């Protein structure tokens, strides 16, 4: 069991470029989510999904898109990168929609110049 | 949504002592609260969940309390060890499920 796998671990982008952060889980979890973590601000929810074909916005969705075509994968797309999107991004999944513990990936550190 | 407050100052503690962390929230009382541990450069790892009708929960050297009157949870690490050095995050569900909210975390440094 690999758990939650994120790629890439590190990425540097120029302002205006687009990219996709990949997230895959092998635990057959219905719930998946993306957070960003900035110093002093904690983890903030970007988007989440409660199953294939279903996504919804979190606290800070602007500038990001998601899709959920399979149970396993939940990619996060940056449409036109901005310096404000420099952050560490975490993907998480849970097998229980209520009170379930979150399983996190190792994170993707993104720098936008 | 909730405002979640954790002490932003690092907690420095000697090995063998008990570390106590606080998590305060400001709005409605959640049905449960979770605690996670995060090591540098790694993703958070789930430690404990405590429900609103539970006053206390234990797991090995960890103890969590939940006081809905004070709107506060306390997280205790007893007989602390250098390996306990990490950042500890509390998390609460807001008014709709699926949107777990996290505090900024408190760093614990345990020195031998």
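What are the residue pairs meeting all of these: first residue in the range B:52-69, first residue farther than 18 Å from residue B:93 by Cβ, second residue part of a loop (DSSP other than H, G, I, E, B), Cβ atoms under 7 Å, and 6 or more apart or on different chains?
Partner pairs satisfying both residue conditions: B:61/B:78; B:61/B:79; B:63/B:78; B:65/B:55.
Would a scan of the range B:21-31 turn up a residue that is under 14 Å from the mean Cα position of the chain (by Cα), within 12 Å of another protein chain (Cβ to nearest Cβ) and assigned to a strand (DSSP E or B)? Quick ask: steps written out before the conclusion?
Of the range B:21-31, the ones under 14 Å from the mean Cα position of the chain (by Cα) are B:21-25.
Among the residues that remain, those that are also within 12 Å of another protein chain (Cβ to nearest Cβ) are: B:23.
Pick out the ones that are also assigned to a strand (DSSP E or B) and you get B:23.
Yes, some residue in the range B:21-31 is under 14 Å from the mean Cα position of the chain (by Cα), within 12 Å of another protein chain (Cβ to nearest Cβ) and assigned to a strand (DSSP E or B).
Of all residues in the range B:75-108 being surrounded by fewer than 16 Cβ atoms within 10 Å (Cβ to Cβ) and more than 10 Å from every other protein chain (Cβ to nearest Cβ), which is farthest from the chain's Cα centre (by Cα)?
Of everything passing the filter in the range B:75-108, B:95 is farthest from the chain's Cα centre (by Cα).
Quick one: which of B:71, B:63, B:57 is on the phi > 0 side of the Ramachandran plot and crowded, with 16+ Cβ neighbours inside 10 Å? It would help to see each step written out before you state the result.
On the way: B:63 fails: on the phi > 0 side of the Ramachandran plot; B:57 fails: on the phi > 0 side of the Ramachandran plot.
It is B:71.
So residue B:55 ticks every box in (1) modelled with pLDDT under 95; (2) in contact with a strand residue (DSSP E or B) (Cβ under 7 Å, 6 or more places away or on another chain); (3) under 19 Å from residue B:105 (Cβ atoms); (4) more than 14 Å from chain A (Cβ to nearest Cβ) but one. Which box is left unticked?
Among (1) modelled with pLDDT under 95; (2) in contact with a strand residue (DSSP E or B) (Cβ under 7 Å, 6 or more places away or on another chain); (3) under 19 Å from residue B:105 (Cβ atoms); (4) more than 14 Å from chain A (Cβ to nearest Cβ), residue B:55 violates only (3).
Can you go through A:24, A:2 and tell me which one is under 15 Å from residue B:43 (Cβ atoms), surrounded by 14 or more Cβ atoms within 10 Å (Cβ to Cβ) and touching a strand residue (DSSP E or B) at 6+ places or on another chain (Cβ under 9 Å)?
Details: A:2 fails: surrounded by 14 or more Cβ atoms within 10 Å (Cβ to Cβ).
From the options A:24, A:2, the qualifying one is A:24.
Any idea which residue in the range A:80-107 is farthest from residue A:17 (Cα to Cα), counting only those that are more than 10 Å from chain B (Cβ to nearest Cβ) and within 14 Å of the chain's Cα centre (by Cα)?
A:93
Scan the range A:7-60 for residues that are assigned to a loop (DSSP other than H, G, I, E, B), in contact (Cβ under 8 Å) with a residue 40 or more places away in the chain and more than 17 Å from residue A:103 (Cβ to Cβ) and report the count.
Step one: list which residues in the range A:7-60 are assigned to a loop (DSSP other than H, G, I, E, B), which gives A:8-9, A:14-18, A:26-30, A:39-41, A:52-53, A:58-60.
Then keep just the ones that are in contact (Cβ under 8 Å) with a residue 40 or more places away in the chain; that gives A:8-9, A:14-18, A:26-30.
Now narrow it down to the ones that are more than 17 Å from residue A:103 (Cβ to Cβ): A:8-9, A:14-18.
So the answer is 7.
The values are calculated or read from the model by the stated rules, or taken from the named source; none is laboratory data. No experiment lies behind these values; they were computed from the predicted model shown. Reconstructed Cβ throughout: ideal geometry from the backbone, glycine too, with neighbour counts over all protein chains shown.
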